[in-house]
Amino acid sequence: MQQLAISGGPQAVTAGSIKNWPPIDDTDRKSVLAVLEQKSLAYGPNNEAFQSEFAAWNGNQHAIFTNSGTAALHMAVVACGIGAGDHVLVTAYSWSSSATCIIHHNAIPVFVDIDFDTINIDVDKIEKAITPKTKAIIVVHLHGLAVNMEKVMAIARKHNLKVIEDACQAHGALFKGSKVGTFGDCAAFSFNQNKCLCTGEGGMFVSNTEETRQLAAQLWSFGETRTPAESRDYHAYALGWMYRSNELTAALGRSQLAKMDSYFKIQRENGAHLNKLIRGIKGLILPTEPAGHTHNWYNYTSRIDMHAIGWTGEPQKMREAIMKALQAEGVPVGVWQNFILPAMTVFRAKNAYGGGCPWSCHLAKGVEVNYNPAEFPVAQRHTDTHFGMTVPLRAPNRTDVVDQVADAFHKVFGQIDKIKVD
Ligand SMILES: Cc1ncc(COP(=O)(O)O)c(C=O)c1O
């Protein structure tokens with residue numbers, strides 16, 4: 001086997017062979033440049049068209065284009081009628097705003113540990129976490145793998161809970177043939193730089209009822225009841241934010257959306273190819289795709305089996321050393337999260353708005369929520385041993401790039417004994 005690149009050997013991945021995300025072509029350029037000729041760059045016809053095109057693509061009745069996925073999550077919380085003192089169940093491992101969106105509207109997150117195989121909320125632990133104040137469940141289709149929505153919806157129906165899907169990473173992912181974002185009461189997508197539909201920054205709220213759409217729209221634009229395309233009365237009927245986006249971003253979103261299905265196909269082919277090439281590598285726990293789930297391979301996340309490679313020290317140190325070796329081979333791997341959510345200060349300090357609010361609000365009294373990271377051992381084990389990769393599986397990269405990435409994995413894991421741990 002060739003010498004590791006980190007020790008001076010040749011790189012497994014030829015420099016420059018991994019192309020950037022997202023692919024930008026003349027249709028994108030023309031769409032964005034055309035906006036510069038419009039009368040207004042603010043919310044307008046491209047925003048409205050993007051909303052209806054995205055709703056049609058995903059299979060929703062309504063969509064509202066936002067300036068971030070986090071904004072769309074906050075809108076979903078409000079659209080589900082969640083407010084001061086309510087409890088919302090959410091996975092212990094995700095992006096911070098999968099849970100801070102709950103605090104944004106004075107409600108209180110209650111965490112549920114993850115299932116190690118899927119990295120998603122452990123659906124078998126949801127019922128035990130329900131309190132008398134629980135109003136909703138936020139499920140996160142993490143890294144592009146759908147949560148088992150059959151189980152989640154059955155629990156929600158049984159306990160009369162709302163369901164919000166954080167589909168920020170899961171564009172196109174399917175559960176039993178249906179797209180994520182079509183199961184719960186509302187869902188949020190993100191279009192930030194890393195996402196499978198990229199507009200630089202941006203997001204989309206989706207739902208299937210007029211009531212949820214109206215509540216979300218009010219929060220989205222200053223608490224008003226009319227969009228900027230309508231004749232506004234500039235009256236704040238409720239507490240509102242400014243979560244709208246603009247025409248340039250919407251135009252890029254539309255032209256990228258037109259290519260989403262071809263991107264998805266390429267990601268699926270690349271993911272399947274990589275699975276085939278690196279399955280069975282000692283010490284590497286590959287991502288799973290259970291029957292009935294169609295992954296979008298947003299983030300190809302592996303875990304290191306420390307026991308299998310004979311490492312008994314701190315897992316993070318070995319993980320760091322392996323990642324450095326892969327990076328030296330030219331593979332852009334990284335740690336996605338260093339902390340599980342219940343370990344983050346914003347929750348543990350229980351003081352988001354000062355004076356202990358919202359946890360100290362009189363409406364929150366009766367059922368105390370405390371955050372003890374030790375109660376989420378599975379999420380912690382995942383966090384300490386994982387590393388992920390996004391761009392090599394995205395268009396325009398194809399299986400020839402995946403071949404090189406797979407070579408790098410074999411080279412590094414085949415010479416684990418030569419890797420120096422600091
Ligand atoms: C799972 C998840 N939820 C929410 C978000 C927030 O999206 P945004 O960055 O568009 O606000 C992200 C991405 O950052 C995410 O990965």
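The values are calculated or read from the model by the stated rules, or taken from the named source; none is laboratory data. Quick caveat: nothing in here was measured; it's all calculated off a predicted structure. When we count neighbours, we look across all protein chains shown, and the Cβ atoms used for this are built from the backbone with ideal geometry, even at glycine.
Considering every residue within region 66-86, establish whether at least one is touching a strand residue (DSSP E or B) at 6+ places or on another chain (Cβ under 8 Å), more than 26 Å from Ala229 (Cβ to Cβ) and crowded, with 21+ Cβ neighbours inside 10 Å. Yes, region 66-86 contains at least one residue that is touching a strand residue (DSSP E or B) at 6+ places or on another chain (Cβ under 8 Å), more than 26 Å from Ala229 (Cβ to Cβ) and crowded, with 21+ Cβ neighbours inside 10 Å. The sole residue among Glu320, Glu329, Glu314 that is surrounded by 18 or more Cβ atoms within 10 Å (Cβ to Cβ) and among the charged types (D, E, K, R) is Glu329. On the stretch given as region 12-28, residues that are exposed (fewer than 13 other Cβ atoms within 10 Å of the Cβ) and in a helix (DSSP H, G or I) total 1.
Of Glu269, Glu210, Glu201, which residue is farther than 29 Å from Val405 by Cα and among the charged types (D, E, K, R)? Testing whether each residue is farther than 29 Å from Val405 by Cα and among the charged types (D, E, K, R) leaves just Glu210. Within region 148-164, at least one residue is of a type in the set (A, V, I, L, M, F, W, C), within 13 Å of the ligand (Cβ to nearest atom) and closer than 27 Å to Gln337 by Cα. Scanning region 108-154 for residues that are part of a loop (DSSP other than H, G, I, E, B) and more than 30 Å from Arg268 (Cα to Cα), we see that the one that is nearest to the chain's Cα centre (by Cα) is Ile130.
Can Ala229 be described as over 19 Å from Ala56 (Cα atoms) and free of Cβ contacts under 8 Å to residues at least 40 places away in the same chain? Taking the combined requirement at face value, the residue does not satisfy it. Filter region 372-409 for residues that are in contact with a strand residue (DSSP E or B) (Cβ under 7 Å, 6 or more places away or on another chain) and closer than 30 Å to Thr134 by Cα and give the result. Selection gives Phe376, Val378, Ala379, His382. Answer with yes or no whether Phe347 is hydrophobic (A, V, I, L, M, F, W, C), in a helix (DSSP H, G or I) and crowded, with 18+ Cβ neighbours inside 10 Å. Yes; evaluated as a whole, the condition is true for this residue.
Quick one: would you say Gly184 is modelled with pLDDT of 95 or more, within 16 Å of Ala76 (Cα to Cα), in contact with a helix residue (DSSP H, G or I) (Cβ under 6 Å, 6 or more places away or on another chain) and within 15 Å of the ligand (Cβ to nearest atom)? The answer is no for Gly184. Among the residues of region 368-400, those that are assigned to a strand (DSSP E or B) and under 28 Å from Ile24 (Cα atoms) comprise Phe387, Gly388. In region 163-182, the condition of being aliphatic (A, V, I, L, M) and more than 21 Å from the chain's Cα centre (by Cα) is met by no residue.
Here Phe189 fulfils each of the conditions (1) more than 10 Å from the ligand (Cβ to nearest atom); (2) more than 29 Å from Leu363 (Cβ to Cβ) apart from (1). Taken together, the criteria exclude Leu248 from residues that are more than 20 Å from the chain's Cα centre (by Cα), at pLDDT 95 or above and either in a strand (DSSP E or B) or within 16 Å of the ligand (Cβ to nearest atom) (or both). For Ser31, are the conditions met, namely being out of contact with any Pro (no Cβ under 8 Å at 6 or more places or on another chain), exposed (fewer than 12 other Cβ atoms within 10 Å of the Cβ) and not assigned by TED's automatic domain parsing to the domain that holds Gly330? No. What number of residues within region 62-89 satisfy the criterion of being more than 12 Å from the ligand (Cβ to nearest atom), in contact with an Asp or Glu (Cβ under 8 Å, 6 or more places away or on another chain) and assigned to a loop (DSSP other than H, G, I, E, B)? So the answer is 1.
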